[in-house]
Structures are given as C-alpha cells and as structure tokens.
1. Please report the carbon-and-sulfur percent of the accessible area for the chain; probe 1.4 Å, protein heavy atoms only, DNA, RNA and ligands left out.
2. For the range 1-19 and the range 23-65, write down the distance between their C-alpha centroids in whole Å.
3. Under a point spin-label approximation (7 Å from Cα along Cα-to-Cβ), what is the Leu19-Ser56 distance to one decimal in nm?
4. Describe numerically, in nm with one decimal, the distance between label points set 7 Å from Cα along Cα→Cβ at Phe30 and at Val75.
5. Whole number in Å², please: accessible area per residue of the chain, 1.4 Å probe, ligands, DNA and RNA not counted.
6. Using only Cα atoms, what is the ratio of the radius of gyration of the chain to 2.2 N^0.38 Å?
Amino acid sequence: MRLPATIPAGARLVVRIALGPDPEDGRPKFRDYIGHVVDWNGRRLILDRDPAANGSRPGERVTLQAEDMVALKPVPERRSPPDPQNFSR
C-alpha cells in the first residue's frame, strides 16, 4: 500500500493492520485502529486510539508500523449523543 508522506497531527483515521493468517482456517486476519494522529514519520504512526463506543475498551496510545498497514483512511469525528434535556415537547 502506498502511504502518504505527511499526515497532520490531530487527523482522525482508521488504520487496518494485517495480523497474518488464522492458524485454524488460513484466512488473513486484520485489526482496525481508529483514533487521532500524534506523529507520523513515514515508518511509524503514533495514534491516540479512541475508546470503544460501548465502553468495553479504554482509549490508549498505540504505535503502528508502516509495513503492517494495509489500509488507511480519514474518518469523521464521532457524533455526540443527543442531550435528552434539550428536547422540547
């Protein structure tokens, strides 16, 4: 995959990482990371990974290697849940 020369800090991305073949069925396995860029030097990406929307995983800082990346794309910010107190009936 051809990666960009620069990625601005603060950009929100989804990055797909190849984990290799599954030992049971041989199919390729992947993991997706969604978060905000801290630093990108062309070889490694430091990302502040977003916490899971359902609360099952806290946010964390991760370092991803360029040679493991198979997809990279910008994603919009999460929408905030509506505030029920602001609804008028």
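The values are calculated or read from the model by the stated rules, or taken from the named source; none is laboratory data. Just so it is clear, the model here is predicted, and its values are computed rather than measured. Using ideal geometry, Cβ is built from the backbone for each residue, glycine included, and neighbour counts are taken over all protein chains shown. Accessible surface is based on the protein model in full, side chains and every heavy atom, while ligands, DNA and RNA are left aside. Shrake-Rupley method; radii C 1.70, N 1.55, O 1.52, S 1.80 Å.
1. On the chain, the fraction of accessible area on carbon and sulfur atoms equals 50 percent.
2. 10 Å
3. Between Leu19 and Ser56, the label points sit 1.2 nm apart.
4. Between Phe30 and Val75, the simple spin-label model gives 1.2 nm.
5. 75 Å²
6. The chain yields a ratio of 1.35.
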